[in-house]
1. Check V203 against each of (1) out of contact with any His (no Cβ under 6 Å at 6 or more places or on another chain); (2) closer than 28 Å to N113 by Cα; (3) in contact (Cβ under 8 Å) with a residue 40 or more places away in the chain and name the one condition it does not meet.
2. Please enumerate the residues belonging to the stretch 188-205 that are surrounded by fewer than 17 Cβ atoms within 10 Å (Cβ to Cβ) and either in contact with a helix residue (DSSP H, G or I) (Cβ under 8 Å, 6 or more places away or on another chain) or closer than 26 Å to A155 by Cβ (or both).
3. From E137, E129, E189, which residue is closer than 30 Å to L314 by Cβ and of a type outside the set (V, I, T)?
4. In the stretch 64-85, which residues are within 12 Å of N96 (Cα to Cα) and either in contact with a His (Cβ under 6 Å, 6 or more places away or on another chain) or in contact (Cβ under 8 Å) with a residue 24 or more places away in the chain (or both)?
5. Report yes if A175 is among the small types (G, A, S) and either exposed (fewer than 15 other Cβ atoms within 10 Å of the Cβ) or not in a loop (DSSP other than H, G, I, E, B) (or both), otherwise no.
6. Here's a check for you: in the stretch 316-350, which residue that is of a type in the set (D, E) and modelled with pLDDT under 95 is surrounded by the most Cβ atoms within 10 Å (Cβ to Cβ)?
7. For the stretch 151-172, which residues satisfy the criterion of being outside any loop (DSSP other than H, G, I, E, B) and either modelled with pLDDT under 95 or charged (D, E, K, R) (or both)?
8. Regarding the stretch 151-172, can at least one residue be identified that is surrounded by 14 or more Cβ atoms within 10 Å (Cβ to Cβ), on the phi < 0 side of the Ramachandran plot and among the aromatic types (F, W, Y)?
Amino acid sequence: MNKHAVLSFTLLFAASAIPASAQAPKAEKGYSISVFAKGVKGKYTAPDSIAVIRNHIFIGYGDNNDPTGADGKSNQIVEYNKDGQVVRIYTVKGHNDGLKVDPYTGKLWAMQNEDANPNLVIIDPESHEQKLYQFAEPPAAGGGYDDITFRNGHAYFSASNPAKNPNTEPAIVEARFVGDTIEVTPVLEGNARATDVVTGDTVTLNLQDPDSMTLTPAKDILLDSQGDSELILVHKPGKSQSVLQIPLSSPFGTPQADDTLFVPSDDGFILVSDTPANTVYKIRKERFVPGTAYTAAVGAPDASGATVGFVGILDLNFGELVPIVTGLKSPHGEGFVKHRDDDDDGGNHCDQD
């Protein structure tokens with residue numbers, strides 16, 4: 001994706017109007033926010049990733065389990081209808097993090113153990129069958145795998161929690177299935193060369209925290225390197241790919257981002273999980289602008305150490321986040337639910353080719 005393909009926004013926001021100590025989520029003018037679902041103590045807590053396909057909404061609950069899977073515990077993936085009512089609960093072994101719907105099969109891909117010992121479970125939402133896949137080799141970066149995206153019939157994973165600094169191992173890999181195992185090939189190295197969109201300079205990346213991924217409307221891969229406070233855009237992934245570095249900024253200082261959602265329709269609502277609040281919120285607007293990017297993020301600590309979690313409109317030209325909802329604790333996953341049932345699949349977590 002090159003610079004002319006992105007949207008820019010001129011919105012005003014008074015950062016001083018929302019103190020870091022805000023007690024409840026607050027939506028800016030034109031938006032509203034309400035509770036969609038909550039975790040249930042003793043059953044499933046700490047909502048994270050969200051995947052949407054038509055009327056099926058899947059939310060992964062991490063329960064604050066060990067992200068390496070070493071505790072031997074399991075997580076729940078809860079299916080909801082549009083009204084936030086529980087339809088079905090799936091259990092997967094390990095700590096669930098990545099959650100996406102394969103647009104080619106309609107099956108749900110659930111990635112476990114983002115810090116080490118990863119595994120992938122593919123769930124059929126119609127038959128409810130689950131199939132476990134192991135990786136042929138441990139991740140070269142020394143951690144696990146986090147998120148998933150699909151492009152042109154190919155599946156890509158982000159390689160999270162790298163052991164090296166600088167990171168000289170792959171940050172994005174492409175998956176290939178061999179029986180019940182998964183083999184991977186490098187797509188983007190952790191120390192790849194990139195162009196800084198703000199300065200235009202060529203830089204050497206050092207991706208220390210590859211995390212969430214999604215596909216842009218231009219069919220480029222957008223990777224979040226959370227702890228580095230930057231997004232990485234991979235245009236035409238492959239031998240001739242080009243890479244952009246997008247440093248992030250916000251009214252709350254340099255933010256750390258999680259999911260980014262490109263709204264696929266003007267009619268519907270955004271879901272965002274606030275993990276430590278054990279709550280999934282619904283964000284509404286009279287009419288969304290299709291293609292607009294919304295990012296879940298946490299601002300830099302203030303003098304007292306307090307932070308503000310927020311959802312903001314992302315300007316890919318400059319990396320600026322303009323908040324539309326503030327007062328969250330630490331928002332993570334996002335998804336989009338369309339109101340019109342006759343539309344094709346919608347949502348951040350149902351990537352298309």
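The values are calculated or read from the model by the stated rules, or taken from the named source; none is laboratory data. Small disclaimer: the values here were computed from a predicted structure and weren't measured. As a convention, Cβ positions derive from the backbone with ideal geometry for all residues, glycine included, and neighbour counts pool all protein chains shown.
1. Failed condition: (2).
2. Selection gives N191, R193.
3. Answer to the selection: E189.
4. Of the stretch 64-85, the ones within 12 Å of N96 (Cα to Cα) are 64-69, 73-78.
Of everything in the stretch 64-85, those that are within 12 Å of N96 (Cα to Cα) and either in contact with a His (Cβ under 6 Å, 6 or more places away or on another chain) or in contact (Cβ under 8 Å) with a residue 24 or more places away in the chain (or both) turn out to be N65, D66, P67, T68, G69, N75, Q76, I77, V78.
5. Details: among the small types (G, A, S): yes; either exposed (fewer than 15 other Cβ atoms within 10 Å of the Cβ) or not in a loop (DSSP other than H, G, I, E, B) (or both): yes.
When the stated conditions are applied, A175 passes them.
6. Narrowing the stretch 316-350 to residues of a type in the set (D, E): 320, 334, 341-345.
After this cut, where a residue has to be modelled with pLDDT under 95 as well, the list is 341-345.
Working: D341: 8, D342: 5, D343: 13, D344: 12, D345: 17.
Filtering first and then ranking leaves D345.
7. Of all residues in the stretch 151-172, those outside any loop (DSSP other than H, G, I, E, B) come to 151, 154-160, 170-172.
If the condition is that a residue be outside any loop (DSSP other than H, G, I, E, B) and either modelled with pLDDT under 95 or charged (D, E, K, R) (or both), then R151 is the only one that fits.
8. Within the stretch 151-172, one or more residues are surrounded by 14 or more Cβ atoms within 10 Å (Cβ to Cβ), on the phi < 0 side of the Ramachandran plot and among the aromatic types (F, W, Y).
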